[in-house]
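Participant: Here you go, one structure.
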Amino acid sequence: MHVHPNGNVEITQICLLAGKIMLASGAETYRVEDTMMRIADAYGYENSHSYVTPTGIIFAINGAVSTTRLFRIATRSTDLQKVTLVNDISRAITRGELSPEEAYKKLKRIDSANLAYPVWLQIAAAAISSGCFAIMFRGTWPDFLPALIAGGIGFVSYIYVHRLIPIKFFAEFMAATITGLLSYFCYQAGLGNELDKIIISAVMPLVPGLVITNAVRDLMAGHLVSGLSKGAEAFLTAFAIGAGIAFVMSIY
C-alpha cells in the first residue's frame, strides 16, 4: 500500500482498487471511469485521467508520471453486489464521510470478500430458470421437467469443466453439448413434446446477457474499444453454445 509523507493512503491506489473491483465484477467501462474520477475529485484532485479496457486500467492524476498506475484485470466474473458496494463507498467519499484510509480499508474488504451465491444455489437457479423459460417460450408443461434437468446438469458441467480446464470457450462448448444430449435423451424418453423449446430453454443460463448489455452500453457511451471487445467475447460465447448444440444435432 502506497502512503503519502503525511500518512494518507495514496489516492491513485484507492481509485485503482475501486476500478479493479468494479471491472472484475461486471461493471460497464464508462461507469468504472466515472467512479474513479469522482473519487479523485472528492479528495481534491480534479484533473484526473483514466483509460479502461476489459483487461486493464490506466489511471493518472494531473498527468504526472509519478502518479500514473497500470492495473491488469486477469479474471472477470459477474458480481453486481460488489459493484453496488463500491458505488456506495464512492457516494460516501463524495459526501465527505470517508477518509482515504477508511475508504481503502473498506475497498480491501470488498475485494477479498466472497459474496457470490453458493454453487448449489446457482445450480438450482439455473435449473428452475431453464424450466420457466420453457413455459415462457410457449412450450408445454411436459417440457418443463426435461428443460429443468438439462439446464441444471448443463450448468453443473460448465462449472466443473471450467475448473478443470480454465478456457471459457471450451467450457461453454462442452456445457452446450451436454445440455443438447440430455435434452435429446429426455425427448426420446417421452419427457417432453417440443425438442427445440427444451434445448433453447436449457441453454439460456449460459447465454451472455450481461456481457451483451454492457457491450451495447459501452458503445453508446463512446467506449469503442471496450464495446467491441465485449461484443467479441459475447459472440464467442454464443458461437460456443451454437456449436455445441449443432454438434449434437448433427449426430442425431
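Participant: Pull up the stretch 171-202, narrow it to residues that are on the phi < 0 side of the Ramachandran plot and out of contact with any helix residue (DSSP H, G or I) (no Cβ under 7 Å at 6 or more places or on another chain), then point me to the one that is surrounded by the most Cβ atoms within 10 Å (Cβ to Cβ).
Facilitator: If we take residues in the stretch 171-202 being on the phi < 0 side of the Ramachandran plot and out of contact with any helix residue (DSSP H, G or I) (no Cβ under 7 Å at 6 or more places or on another chain), then Ile200 is surrounded by the most Cβ atoms within 10 Å (Cβ to Cβ).
Participant: Tell me the helices (runs of 4 or more DSSP H) entirely within the stretch 1-99 that contain at least 1 residues that are modelled with pLDDT under 90 and in contact with a His (Cβ under 7 Å, 6 or more places away or on another chain).
Facilitator: 29-42
Participant: Of the residues that make up the stretch 236-248, is at least one surrounded by 14 or more Cβ atoms within 10 Å (Cβ to Cβ), aromatic (Phe, Trp, Tyr) and over 19 Å from the mean Cα position of the chain (by Cα)?
Facilitator: Yes - at least one qualifying residue is present in the stretch 236-248.
Participant: Sticking with this structure for a sec: Given (1) closer than 23 Å to Phe185 by Cβ; (2) open to solvent by 50 Å² or more (accessible area, probe 1.4 Å), where does Gly139 come up short, assuming only one miss?
Facilitator: Here Gly139 meets the rest and fails (2).
Participant: Here's something else I'd like to know. Please state which one of Ala116, Ala92 is under 23 Å from Asp34 (Cα atoms) and without any contact (Cβ under 8 Å) to a residue 40 or more places away in the chain.
Facilitator: None of the other options fit; the residue is Ala92.
Participant: Restricting attention to helices (runs of 4 or more DSSP H) lying wholly within the stretch 100-169, give those where 1 or more residues are touching a strand residue (DSSP E or B) at 6+ places or on another chain (Cβ under 9 Å).
Facilitator: Of the helices (runs of 4 or more DSSP H) lying wholly inside the stretch 100-169, those with at least 1 residues that are touching a strand residue (DSSP E or B) at 6+ places or on another chain (Cβ under 9 Å) span 100-112.
Participant: Whether any residue in the stretch 36-43 is small (Gly, Ala, Ser) and under 17 Å from the mean Cα position of the chain (by Cα) is what I want to check.
Facilitator: No: zero hits.
Participant: Tally up the residues in the stretch 209-234 that are part of a helix (DSSP H, G or I) and over 15 Å from the mean Cα position of the chain (by Cα), please.
Facilitator: Result for the stretch 209-234: 5.
Participant: What pairs can you find where one residue is in the stretch 97-109 and outside the structural domain of Tyr43 (by TED's automatic domain parsing), the other is surrounded by 13 or more Cβ atoms within 10 Å (Cβ to Cβ) and in a loop (DSSP other than H, G, I, E, B), and their Cβ atoms are less than 6 Å apart, with a gap of 6+ or different chains?
Facilitator: Nothing qualifies.
Participant: Shifting gears a bit: Are any of the residues in the stretch 63-82 open to solvent by less than 90 Å² (accessible area, probe 1.4 Å), touching a Lys or Arg at 6+ places or on another chain (Cβ under 9 Å) and either under 21 Å from Tyr43 (Cβ atoms) or assigned by TED's automatic domain parsing to the domain that holds Ser50 (or both)?
Facilitator: Yes, because at least one residue in the stretch 63-82 is open to solvent by less than 90 Å² (accessible area, probe 1.4 Å), touching a Lys or Arg at 6+ places or on another chain (Cβ under 9 Å) and either under 21 Å from Tyr43 (Cβ atoms) or assigned by TED's automatic domain parsing to the domain that holds Ser50 (or both).
The values are calculated or read from the model by the stated rules, or taken from the named source; none is laboratory data. This is a predicted model, so every value here is computed, not measured. Backbone-built Cβ (ideal geometry, glycine too); neighbour counts: all protein chains shown. The area values use the complete protein model at the heavy-atom level, side chains included, leaving out ligands, DNA and RNA. Shrake-Rupley method; radii C 1.70, N 1.55, O 1.52, S 1.80 Å.
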